[in-house]
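Engineer: Got a structure for you, written out below as structure tokens; questions coming shortly.
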Protein chains: 2
Amino acid sequence: MKARVFITLKSGVLDPQGEAVRHSLGTLGFQGIEAVRQGKVIELTLSETDPARAEAEVRAMCEKLLANTVIENYAVELA
Amino acid sequence: MKARVFITLKSGVLDPQGEAVRHSLGTLGFQGIEAVRQGKVIELTLSETDPARAEAEVRAMCEKLLANTVIENYAVELA
């Protein structure tokens, strides 16, 4: 079973990467861009077939390794 | 209006970052992980309110700056 983890910076945490993208888009002539935030997406292929257990396992992975929960939020989506 | 862009490596393109995550998860005791791919998610806040025009604009941003279409796929989601 496949799982996708979305990791984004918490609001209030500075995002210099997103700010750089916003500036570059402005330089290229794109207008009306109010904000840009950049995050990570991690796609996992698991041998686990039970959705509940897979989600619990992926959440444990986020807490232990994938996300820095001090400054980042994460969301898990199973497919 | 908000848009999310998902940028992932095309299949067949080596993903050393994903491979490192897979290895680290194994070291931490997580089992049954068959594959890990890491990508980017970019959240844009646009002043454009028309969904069709917003999507066209975001796709142009992907082609010009956000994604390297030689090795990366992108998907646009409006919210």
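Engineer: Hey, can you find the accessible area per residue of chain A for me, probe 1.4 Å, expressed in square angstrom?
Structural biologist: So chain A comes to 55 Å² accessible per residue, rounded to a whole number.
Engineer: Could you compute the FRET efficiency for A:GLU19 and A:GLU77, with r as their C-beta to C-beta distance and R0 at 35 Å, rounded to 0.05?
Structural biologist: Given R0 = 35 Å and the Cβ-Cβ separation, E is 0.85.
Engineer: Checking an interface number: how much accessible area is buried between A and B, summed over both chains, with a 1.4 Å probe, in Å² rounded to 100?
Structural biologist: By this definition, chains A and B bury close to 2800 Å².
Engineer: Between copies, how far does the label point of B:ARG59 sit from its twins, in nm, shortest first, when each point is 7 Å from Cα along Cα→Cβ?
Structural biologist: Its label point is 3.8 nm from the equivalent points in the other copies.
Engineer: Excluding residues on the same chain fewer than 8 positions from B:LYS10, give the aspartates and glutamates whose Cα lies under 20 Å from its Cα.
Structural biologist: Reachable aspartates and glutamates: A:GLU43, B:GLU19, B:GLU34, B:GLU63, B:GLU72, B:GLU77.
The values are calculated or read from the model by the stated rules, or taken from the named source; none is laboratory data. Not measured: the values here are computed from a predicted model. Cβ atoms come from the backbone with ideal geometry, glycine included; neighbour counts cover every protein chain shown. The accessibility values were calculated without ligands, DNA or RNA, using every heavy atom of the protein model including side chains. Shrake-Rupley method; radii C 1.70, N 1.55, O 1.52, S 1.80 Å.
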